[in-house]
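To keep things clear, I will list the structure first and then write my remarks on it.
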Amino acid sequence: MSAAAAPEMLGPELLSRLPTAVQRPSYDRAALMPGMAHIGVGAFHRCHQAEYTDDLLSRHFDRWGVIGINIRPPHLAETLGRQGGLYTRLIRQDNHVGARIIGSIIRVVDSQDSAVPALEVLASADIEMVTMTVTEKGYCHIPSTGALDLDHPDIVHDLANPHAPRSVPGILARALELRRTSHGRPVTLLSCDNIPTNGVILGNVVRTIASRRGNGLADWIAANVAFPSAMVDRIAPATTQADLDTVEQLFGYRDAAVVVGEPFRQWVIEQKFAGRVPCWDLVGASFVDDVTPFEHLKMRVLNGAQTTLAHLGVLCGFEHTSDAIADPLLATFVRRMLTEETLPTLRAVPGFSAPAYIERSLARLTNTAIRHRNHQIATDGSQKIVQRLLNPIRDRLRQGGSIALLSVPVAGWMAYLIKAAPRFGKCWQVSDPFAGRISALADRIGADAKGLADAILAIDAIFDPSLATNTIFRTNVIAGLDGLLSENPLAFVRHACTEPIDARLKRPTRSA
Ligand code: CS2
């Protein structure tokens, strides 16, 4: 690459000429055959499952090439297609940057406008494993119950038009129907999203649609399809222009599909498969009988801390997770919340010390090179708080323990959506399926913490009625909302950290 020439674009021809600092696939990509599909080729997939598969292909060559499918924006087929499926995965820890080219994705199909391209791939006999990262709301389930939301517009559409589905459950049900009537080969559908018992929920939503077909599809699924649960972990925020520039500046080539992640990664998969399975356990993933304890650990500790820092962080004026946790008060708050209230709800995981896991998780969040925006984590908070905050709260109430700290980020989530309402000055743009409903409540009710909390707790798709009517929970959430909607939310967090809980609850709430 001459210094004067415009930097070349990443592609197969460039591989042999890359700087030695950039690690590249050690296997023959030309010989890769499609073996699995992945739905939702975002930053997380490219930083996580695709990297594990790349490791596997290097160690133990097999035919597990990945075909990516995007059924929601962005369109990626052209971007990755131009690069022959190759992209750079940067690992960043403070000042350190490590670069590697990942080669496991053979091609990506865009299926945003019609399900046909997705169905062609998913129904193919070559595909024996389908992984997916389609975000929490992609499952079209009711967060508080896990059941398919039959009122969801995409589900209403898919039940009426099963051959032209739009939703993930609808597309999967149709793909299974096509598999059944063509080659009949078994397949594993592996959810990699942060929803509780993700395999169970995926199985529920697909089976609910299938059973409505009334043609024996549900029985075929029961015999031929596995829905293992999995816990996935690596912090990989949305890629920014600065990340693309970093590759160009440090390594001298252009790549439009760069992803950036932290060094830590983990993948725990329930060993419940149909058909052949990539041996990801050879390259660091764990195959276990029960994912639940790992899932609790990760969603309640790491994700719970992220959601807490995200909502409180925005309310207190911090842009990224690392900025929020650099604030001594927020750091103290989140550590106390996790150690005093979350930790007693965790199940033992052999070989894992929960206190050490908490410390390690908090340390990961201080990585200043990972520019994870609080608004990104706060996106779709209504789909996240059940598993990250409400489930541990429910366990604490069952144990008779305090929930004073865990209730604060629940109020933080409410305050975050309330302050986006016109009556509260539209402080920021939000993206959440419940944003419109909460904005309307905020406009109607105004600055009355009790009225607001009562109205939001009545949304039973998020708060199951037994929790919503619990007096201890309500009292704590109202006190939290009152404090966080005040001029000085950090002062409230200080109180939450220092004042005895009873004293805090006895303080009168602000008037409307
Ligand atoms: C984050 C997660 O945006 C979010 O909801 O909390 O994407 C988180 O970074 C990953 O689960 C980490 O494994």
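Put in order of Cβ neighbour count within 10 Å, fewest first, the listed residues 96, 38 become 96, 38.
Going by the alpha-carbon gyration tensor, a ≥ b ≥ c the square roots of its eigenvalues, is region 213-290 rounded (a/c under 1.5) or, if a/c is not under 1.5, prolate (a/b greater than b/c) versus oblate?
Prolate.
Shape verdict for region 337-389, please, from the Cα gyration tensor: rounded (a/c under 1.5), prolate (a/b greater than b/c) or oblate. Oblate shape, in that a/c is at least 1.5 and b/c is the bigger or equal ratio.
A simple charge model with +1 on the Cβ of Lys and Arg, -1 on the Cβ of Asp and Glu and nothing else charged puts the dipole of the chain at about 540 debye relative to its Cα centre. For region 8-288, the relative contact order is 22 percent, taking Cα pairs closer than 8 Å that sit 6 or more residues apart in sequence and dividing their mean separation by the residue count.
For 333, 352, 264, which order do you get if you count the other beta carbons within 10 Å of each Cβ and list the fewest first?
Fewest to most other Cβ atoms nearby, the residues stand as 352, 264, 333.
If you wrap the Cα atoms of the chain in a convex hull and average its projected area over all directions, you get 24.1 nm². For the chain, the residue among 11, 125, 202 whose Cα projects farthest onto the positive side of the dipole built from Cβ charges is 202.
Report, to the nearest 10°, how far helix 435-445 tilts away from the longest principal axis of the Cα atoms in the chain, using its own Cα long axis and a range of 0 to 90°. Tilt of helix 435-445: around 10 degrees.
What's the magnitude of the charge dipole for region 8-288 around its Cα centre, counting Lys and Arg as +1 and Asp and Glu as -1 at the beta-carbon? Answer in Debye, nearest 20.
Dipole size: approximately 520 debye.
Taking the charge dipole of the chain about its Cα centre, with +1 at Lys and Arg Cβ atoms and -1 at Asp and Glu Cβ atoms, the residue from 411, 30, 315 reaching farthest to the positive side is 411. Helix 354-365 and the longest principal axis of the Cα set of the chain meet at an angle near 80°. Exposed loop sites were defined as trypsin sites (Lys or Arg not before Pro) in DSSP loop states (anything but H, G, I, E or B) carrying at most 14 other C-beta atoms within 10 Å; in the chain the longest segment without such a site runs 1-346. The H on the amide N of residue 87, modeled in the peptide plane, is under 5 Å from the matching H of 102, each at least 5 residues off or on a different chain. Remark: spin-label model distance residue 279-residue 178 equals 3.2 nm, labels positioned 7 Å along the Cα→Cβ axis. Against the chain, whose longest principal axis is taken from its Cα atoms, helix 471-484 shows a tilt of about 90°. Among 283, 168, 225, the order by Cβ neighbours within 10 angstrom, fewest to most, reads 283, 225, 168.
Calculate the FRET efficiency for residue 241 and residue 402 from the Cβ-Cβ distance with a Förster distance of 60 Å, rounded to the nearest 0.05. So the FRET efficiency works out to roughly 0.85. Geometric descriptor of region 292-504, per residue, is 110 Å³ (volume of the convex hull of the Cα atoms).
Every number in this text was worked out from the coordinates using simple rules, so none of it is lab data. What you are looking at is a predicted structure, and each value in this text was computed from that prediction instead of being measured. Don't worry about glycine lacking a Cβ; one is built from the backbone with ideal geometry, like all the others, and counts go over all protein chains shown.
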